[in-house]
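The values are calculated or read from the model by the stated rules, or taken from the named source; none is laboratory data. Since this is a predicted model, take the numbers as computed values, not measurements. Each accessible area value is taken on the protein alone, full model and side chains, heavy atoms only, with ligands, DNA and RNA left out. Shrake-Rupley method; radii C 1.70, N 1.55, O 1.52, S 1.80 Å.
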Amino acid sequence: MFSTKLATHPLPSADRPLGVRARSRQAVRPCATSTPTIQLTVQSKDGPTVSVAVESGDILRTVLMAEKLDLYTTWGKIWQCGGGGNCGTCVVDVREGADLLSELTQAEKKKLVGKPATWRLACQTRVGDGESTGAVTIATRPQQ
């Protein structure tokens, strides 16, 4: 009736290990210069002060979440929007180094009306511009 032909795949060999295609790719050259870093100091009311080196240009919320630092209040953990700038629960207070942070976004201007000028939304804030270096100090959960 139907003739079924099984597909044959070449077996891996020394010149082409498993998972490597037959076509060759050009080699990726490593970057000659290292990425500038910013020293971020995070203060918390109920935890230790933590310092971490951050690549210039990283989003503050991403860094804090990767370092497992407590950014949200109890209700903020439930209602947070995942970094879209819609909820305003990832508020931080910038104590030093505000000039190394990105400009206020429209979402921040909308959510932080009537709040202190030093407050920022971590999800909307870039630490550095990809080229700058320095030090930034923030405090998490200033609304408590």
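May I ask for the distance between the Cα centers of the range 51-81 and the range 98-128, given as a whole number of Å?
Between the Cα centre of the range 51-81 and that of the range 98-128, the gap is 14 Å.
Give the cross-link partners of residue 111 among the aspartates and glutamates, using a straight C-alpha distance below 18 Å as the criterion and excluding same-chain residues fewer than 8 apart.
Reachable aspartates and glutamates: 93, 103.
Of the accessible area of the range 34-125, with the probe set at 1.4 angstrom, what percent is carbon plus sulfur?
Values: 2680 of 5220 Å².
The value for the range 34-125 is 51 percent carbon and sulfur by accessible area.
Return one whole number: the accessible area per residue of the range 62-122 in Å², for a 1.4 Å probe. Don't jump to the answer; show the numbers that get you there.
Values: 3730 Å² over 61 residues.
Per-residue accessible area for the range 62-122 comes out at 61 Å².
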